[in-house]
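Quick note: the coordinates plus some simple rules give every number you see, no bench work behind them. The model shown is predicted, which means the values in this text are computed figures rather than measured ones. Reconstructed Cβ throughout: ideal geometry from the backbone, glycine too, with neighbour counts over all protein chains shown.
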Amino acid sequence: MFSRVVLGGGKDTCRLGRLKLSLGSPLGGRLSIDFEPDETESALSDSLRALCRQHCPENLAREVAGVFPRDLWAALSEFGLFALATPDGFGGVVEIEAAGDILGSFVAPGPLAPTFFAVHALPAGEEREAVIAGETVVSLGRPPLMPWFGVASVFLSVRGDRVVKFEEPGEIEQVATLSGEPWSRLMLGPEKDLGSAAHPCALYDVFVAAYLVGAARKLVKEAAEYVANRRQFGKTLSQFQAISHPLAESSIRVRAAGGLARLAAHQVDLGLERAYATAQSARISAENAALKAINVCHQSYGAMGMTEEGPVAYVSRRLRQLVNHEFSDVPRVSSIEQQYNEHMPALLVVAR
Amino acid sequence: MLRKYPTAQRFFAGGDQAASTALLGELVQRNWIALSWPTEYGGQALPLSYQYILWEEMGYARGGRPPLGAGIIAKTIMRFATEEQKAAWLPKIRTNSITFSLGYSEPEAGSDLTGLRTRAELRDGRYIVNGQKIWGNVSQADYIWLLCRTGESDSRSGGLSLMIVDRRSPGIEVRNGKFFDDHTFSQTFYTDVVVPEENRIGPESGAWRMMSAALADERHVQFSAGRVRRDFDDAVGWLRTHGLHTDPVVRARLIALRVRVAEAEALCLQVLSAVRNGKDASVAAAANKVMHTDVVQEIARFVMDVGGPDALVHARAEDPESIWRQTMTESVGGGTSEIMKSIVARQELGLAS
């Protein structure tokens, strides 16, 4: 359903005499990129937004009781969301990125990123098809703490650079979590190696980055509307730079993270080696942007920003949970450093 | 080509000026400073991507930023000048046979240029200019691209004009001082300076719109990601040389900084994308300027933080203390970070900032 943004090509890829043309950075040698969505992408993004308006109202996003969003899941599956970038589906990782941004702007609940991870980690077969169809729910975590026990029937994690699948886990205890997602400590059964984690991890990173960007942008825009109307000391809050500039700074960070997420998506679609490092960078960038936006927006609303019923708390909980969620036994810093060492010359110097 | 001039650098004072000048000369010889100029003005009419790549590479090589003449000034002349003015100025700019300095800021009008007081009065076909400007190195320029008031004193942005002033004109006095980074900082005094009316570019009192258009043209190359990446690579090199690269805290912080460099790259490409698509790039450009500045300052500050006494030694133009001082000027030159944030607040978020 989504179309790809075309990269490079045409006159832009010619050489300038003997000048080395490679940008040496995000596009991995490609020279042009279009951040503007084309008509098809815009239309399809509109369709996903319409779906979310119908199936992901704010009260669902605010749900903290840990109920699995079955209606939304069915609608997203029917839309073809989880088939994105698969051989039988449509679009590529750029479309996953675009969808992540929209779902983030609705603060959509459920194991969205883990589902993309699973679709690209599981071998072709009935189980994978059931995940794409929304009939099988995925739990992706770092054992023993795993989400969605009781709803999920596929349990995945990452060991080193491999995806592993656990069979027949048993529950030890349920735990409450920040966003209300039901998590459990599990007794894990035998595990099965599903292959390299690199590609599924990159898709996870791109989706999460985009989701965080979409949600953080929503937070900042809503806070901006609030401070543009709220009057104190005889003028609107927005007339105080102490209020407006932190929001502008947040907006800049969100914009940068969004750009990086899109670049990462393009690189994954192009099969560039450096894509994994860029995807990790995009996720880190989006996490930082989202956490900054959370702080700024809580503060911008004053007392209402501190209430559970206010416009920030439920987003704040969801984003913080997403930022903290891990599913690998390799510390992230080590993983990122390894990627940079292999694919980004600058840090090669640091490591060796 | 850049490898021929390994010592050329224009970002930090004290660099090899002869090599920098030779590098610029070769760019001129290849007609690369007019890559995106239309062919009717002697340019190559190549896509903006070419300009982006050139100045990305120049930034990484420390070769410098685009010359003001070939960038902001030439674009304004192409768009707003008369045919006679285009014929008079563009060939000389394209061949770099004349150089410019900007005459915008004043002691009482820095970020708020609409409040500037330097006044030009038209008398008998010539302007008489009186006032004072600050910023930039005027003493090495042939001409000053002067923004001055031709309207009433309270006319704000509606009463400003742009004109080209010969720096050697009688009545111009330049007093040089130093920026924090050792670059020259000029104060320029104008006393009854005569400027021919034909040196005014565009309509009288119509400069504000012209300036905005020219800035939007150039913002994707003025603050290139290449310079940011080079600062990072140099920081890594320096830390390695001084045995600090194995410290896990240093390594973790470098990872975080590398992500910040990638953010600067992403924003730079967004500006290019907007300009190429004919979209308003002002918000993207303002965001890029803030990010560019923040990241180079963070990198420089980090090296100073962990570098201890070794980071204080000044032996080369690109040593940490020199970079640290230079990056301080980045958040003021070309529009302060506060102004850039206000642009984002106003135009993207709808805030009356």
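Brief remarks follow.
- Think of the protein assembly as shown as having a plus end and a minus end, set by charges on the Cβ of Lys, Arg, Asp and Glu; of A:L48, A:L178, B:S105, B:S105 sits farthest toward the positive end of this dipole.
- Cβ-defined net charge surrounding A:P331, 14 Å radius [Lys, Arg +1; Asp, Glu -1]: 0
- Mean Cβ neighbour count within 10 Å, used as a protection proxy, ranking A:175-188, B:282-295 highest first: B:282-295, A:175-188
- Burial ordering of A:S300, B:S155, A:S77, fewest other beta-carbon atoms within 10 Å first: B:S155, A:S77, A:S300
- Placing dummy labels 7 Å off each Cα toward the beta-carbon, the span from A:R320 to A:A198 is 3.6 nm.
- Here the label points at B:A88 and A:E126, each 7 Å from Cα along the C-beta direction, are separated by 8.6 nm in the simple model.
- Over the range A:40-196, Cα pairs under 8 Å with separation of 6+ residues give a relative contact order of 19 percent.
- Using the Cβ of B:K86 as centre and a radius below 15 Å, the other residues enclosed give a net charge of +1, where K and R count +1 and D and E count -1.
- Efficiency of FRET between B:S111 and A:N229 - r from beta-carbon atoms, R0 35 angstrom, step 0.05: 0.85
- Protection-proxy order for peptides A:206-218, B:9-21, B:62-74, A:41-53, each taking the mean of Cβ atoms within 10 Å per residue, highest first: A:206-218, B:62-74, B:9-21, A:41-53
- Taking a ≥ b ≥ c as the square roots of the eigenvalues of the Cα gyration tensor, the range A:40-196 is classed as oblate, since a/c reaches at least 1.5 and a/b does not exceed b/c.
- With a 10 Å cut-off around each Cβ of A:253-265, the average count of Cβ atoms from other chains is 6.
- Amide N proximity, the range B:81-104 versus B:R209 label position 7 Å along Cα-to-Cβ, cut-off under 16 Å: B:81-82
- When each of B:M304, B:M210 is scored by the number of other beta-carbon atoms lying within 10 Å, the sequence from fewest to most is B:M304, B:M210.
- Charge context of B:I339, other residues only, Cβ under 10 angstrom, K/R +1, D/E -1: 0
- Spin-label pair B:T336-A:D161: with each label point 7 Å from Cα along the Cα-Cβ axis, the two points sit 5.0 nm from one another.
- Take each residue in B:245-258, count the other chain C-beta atoms within 10 Å of its C-beta, and the mean is 4.
- This ranking places A:F68, A:F117, A:F35, A:F82 by how few other beta-carbon atoms lie within 10 Å of each, fewest first, which gives A:F68, A:F35, A:F82, A:F117.
- FRET E, pair B:Q44, B:E173, Förster distance 41 Å, beta-carbon r, rounded to 0.05: 0.55
- Shielding by partners - mean other protein chain Cβ count within 10 Å, residues of B:45-57: 5
- FRET efficiency estimate (nearest 0.05) - Cβ-Cβ, B:D124 to A:D329, R0 56 angstrom: 0.10
- Length-normalised contact order of chain B in % [C-alpha pairs under 8 Å, at least 6 apart]: 15
- Where GluC sites (Glu not before Pro) in DSSP loops with at most 14 other Cβ within 10 Å are excluded, longest remaining stretch of chain B: B:153-353
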